[in-house]
Amino acid sequence: MGLRGCSIGFITKLSWLLPFCFLLFGPFAAAETHHYNFEVKLSPFTKLCSSKNILTVNGQFPGPTLEAHRGDKITVYVINNTKYNITFHWHGVRQIRNPWYDGPEYITQCPIQAGKSFSYEIQLTKEEGTMWWHAHSGWARATAHGPLIVHPGPSTSYPFPQPYAQIPIVIGEWWKEDVMEIPKNAKRRGGEPILSDAYTINGQPGYLYPCSKQETFELTMEQGKTYLLRIVNAVMDEDLFFGIAKHEMTLVGKDGIYTKQIKTDYIMITPGQSMDILITANQSPGIYIMATRSYSSAFGAGFDNSTAIAILKYSTTPPTPKLNHFFPHLPPYDRTEAATDFTKRLRSLTTVDVPLNVDTRLFFVLSVNLMNCSNNDKPCAGPFGKRFAASINNVSFVTPSASLLEAYYNNVSGVFTTDFPENPPRKFNYTGENLPLATSFGTRVMVLEYNASVEVILQGTNVLASDNHPVHLHGYSFHVVGWGLGNFNPKTDPKHYNLVDPPEETTVGVPNNGWVAIRFKANNPGMWLMHCHIERHQVWGMSMVFLVKNGFALDQQILHPPHDLPSCYN
Ligand code: C2O
Ligand code: CU
């Protein structure tokens, strides 16, 4: 595997060639290409006490782990052996100048249809740490997802002592129903998707579920050793609290970017986020539980209140059957302070390129709306015979049936408009009571000049029901320079911005009835989706798209489309 320019073995045998290698390949001499195959298929999944088929990659749930070093390239050949459309997204990878491989269905490509194939290229640049990949087509991502791990490059190391072992911890969500059927109701009739039946840790809900007893995920730990947990929240609809009994956790990275170290007893992790956590086996030999359950802040909304667990077992644990299992303390389900107490401590490890002078100021309000039923969606499935919608700046995103990126690249008109509003249509007390419930629909994108220095205030609202909205931006990472509860105050709040070491993220939780301020330089041309990573909000329309224009120089422009890009037609 891999195409090393000058491999280490080669260099040591013929060391006089070394300067040569640098001349030929430059500092990237050691970048490798890693090839993976994804077969999308329906596979029986008996581990979860049901024999029904689920949509998987290579028959695995969670799917295979992709691994590479900083700056490497990964190729993924996808063959779709299901009746469903599919695409894949590499969540957290910037895909510089290469939106063609970013994956969101009908934004950057048309889906890979039944029986068809497509090869993705994932060119890593500064990403390092834990990220993940997932299907980006309807609800397929519920079961088609897995970790994407980037190790340090050949001449660098972790900003912490080399861990003894690295363990992916993928948290998923499980339905007894066929998940591929769930969105139909939510999308067409504006209803609430049904609640899940369990959360899972590495594919298992844990021994609180009798049928999972034998297969509960178990990590055997050696006394005194330090482990790097690579945690991904791959659930569809809920933020999570996560903790480990009697073991302090040290956060060292988030979303594929290192952080300053944070010692903590629990984390709050939103759908879409990934975290790198160190733990040391420094307790007496025994069995300790890691557990996760939801942080659900939406007033009145139902949620899956189950707990998933996995086991940490010291290798020196004596084989007594009655040994105590220690459980972690997790905050109560609705404790917003516990969520913000954790997230407010996040800081980037190194201080780099925080845009100080902003030339493009955007103010986006995030709302869940209630709409009258139209003839197309009758009968509606929301409260009072109405339908749910969700919006950004009062625009509920309508997914087109042709690729936005292709339409832009080929100058096809009529697929989208470029009038996404910079501000909500009118000002109101966003976090007040009795707010207007309706929204408008459209496929409207916001055009950004190349290299624009952008600030977006993401303002949560209390329209219908407030909630924590984990907002994910494709194609970029951004700096979270400020946050607060209530309405953003443009006069006073910017005075408290952190422009020194703000956390750098790709998915940020906008607190319930609060706001965050994010900044980024629009230096990656393309069509980039930004959306809430809570699936029911996304299905209802809480998405928008940035069209970042090309720069003048050739290396500031979108690359040519791949020759095998899936066709939008049969
Ligand atoms: Cu994790 Cu639009 O994706
Ligand atoms: Cu949301």
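The values are calculated or read from the model by the stated rules, or taken from the named source; none is laboratory data. Not measured: the values here are computed from a predicted model. Don't worry about glycine lacking a Cβ; one is built from the backbone with ideal geometry, like all the others, and counts go over all protein chains shown.
The residue pairs whose first member lies in segment 176-188 and is within 14 Å of Phe45 (Cβ to Cβ), whose second member is small (Gly, Ala, Ser) and surrounded by fewer than 19 Cβ atoms within 10 Å (Cβ to Cβ), and whose beta carbons are closer than 8 Å, counting only pairs six or more residues apart or on different chains, are Lys176/Ser50.
Please go through segment 83-96 and pick out each residue that is touching a strand residue (DSSP E or B) at 6+ places or on another chain (Cβ under 8 Å), crowded, with 20+ Cβ neighbours inside 10 Å and more than 12 Å from Tyr36 (Cβ to Cβ). Steps first, answer last, please.
The initial filter retains those residues of segment 83-96 that are touching a strand residue (DSSP E or B) at 6+ places or on another chain (Cβ under 8 Å), namely 84-93, 95-96.
Retained after the next criterion (residues that are crowded, with 20+ Cβ neighbours inside 10 Å): 86-93, 95.
Answer for segment 83-96, where residues must be touching a strand residue (DSSP E or B) at 6+ places or on another chain (Cβ under 8 Å), crowded, with 20+ Cβ neighbours inside 10 Å and more than 12 Å from Tyr36 (Cβ to Cβ): Ile86, Thr87, His89, His91, Gly92, Val93, Gln95.
Determine whether Ala291 is crowded, with 17+ Cβ neighbours inside 10 Å and modelled with pLDDT of 95 or more. Judged against the criteria, Ala291 is a match. The one condition from (1) of a type outside the set (Phe, Trp, Tyr); (2) under 29 Å from Asn85 (Cα atoms); (3) within 16 Å of ligand 1 (Cβ to nearest atom) that Met371 does not meet is (3).
Kindly indicate which of Val539, Val516, Val510 is within 16 Å of ligand 1 (Cβ to nearest atom), within 24 Å of the chain's Cα centre (by Cα), in contact (Cβ under 8 Å) with a residue 40 or more places away in the chain and under 13 Å from Val481 (Cα atoms). Reasoning before the result, please.
Working: Val539 fails: under 13 Å from Val481 (Cα atoms); Val516 fails: within 16 Å of ligand 1 (Cβ to nearest atom).
Checking each option against the conditions leaves just Val510.
For Asp501, the stated conditions hold: it is assigned to a loop (DSSP other than H, G, I, E, B) and modelled with pLDDT of 95 or more.
What number of residues within segment 519-536 are within 16 Å of ligand 1 (Cβ to nearest atom) and not aromatic (Phe, Trp, Tyr)? Result for segment 519-536: 11.
Conditions (1) over 28 Å from Gly302 (Cβ atoms); (2) surrounded by fewer than 17 Cβ atoms within 10 Å (Cβ to Cβ), marked per residue:
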{"position": "Val352", "(1), (2)": "yes, yes"}
{"position": "Leu356", "(1), (2)": "yes, yes"}
{"position": "Phe363", "(1), (2)": "yes, no"}
{"position": "Met371", "(1), (2)": "no, no"}
{"position": "Lys386", "(1), (2)": "no, no"}
{"position": "Tyr408", "(1), (2)": "yes, no"}
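Looking at segment 525-539, can you tell me whether even one residue there is hydrophobic (A, V, I, L, M, F, W, C), outside any loop (DSSP other than H, G, I, E, B), within 16 Å of ligand 2 (Cβ to nearest atom) and touching a helix residue (DSSP H, G or I) at 6+ places or on another chain (Cβ under 6 Å)? So far as segment 525-539 goes, yes, one or more of its residues are hydrophobic (A, V, I, L, M, F, W, C), outside any loop (DSSP other than H, G, I, E, B), within 16 Å of ligand 2 (Cβ to nearest atom) and touching a helix residue (DSSP H, G or I) at 6+ places or on another chain (Cβ under 6 Å). Residues in segment 542-561 that are in contact (Cβ under 8 Å) with a residue 60 or more places away in the chain and of a type in the set (Gly, Ala, Ser): Ser543, Gly551.
Could you tell me which of the residues Val545, Val481 is away from ligand 2 (no atom under 16 Å from the Cβ), among the aliphatic types (A, V, I, L, M), under 19 Å from Gln109 (Cβ atoms) and not in a loop (DSSP other than H, G, I, E, B)? Talk me through it step by step, then tell me what you get.
Numbers: Val481 fails: under 19 Å from Gln109 (Cβ atoms).
After ruling out the rest, the residue left standing is Val545.
Within segment 374-400, the residues that satisfy the criterion of being within 16 Å of ligand 1 (Cβ to nearest atom) and either at pLDDT below 90 or in a strand (DSSP E or B) (or both) are Ala390, Ile392, Phe397. Against the numbered list (1) more than 16 Å from ligand 2 (Cβ to nearest atom); (2) among the polar types (S, T, N, Q); (3) within 17 Å of Ala298 (Cα to Cα), Ser453 comes up short only at (3).
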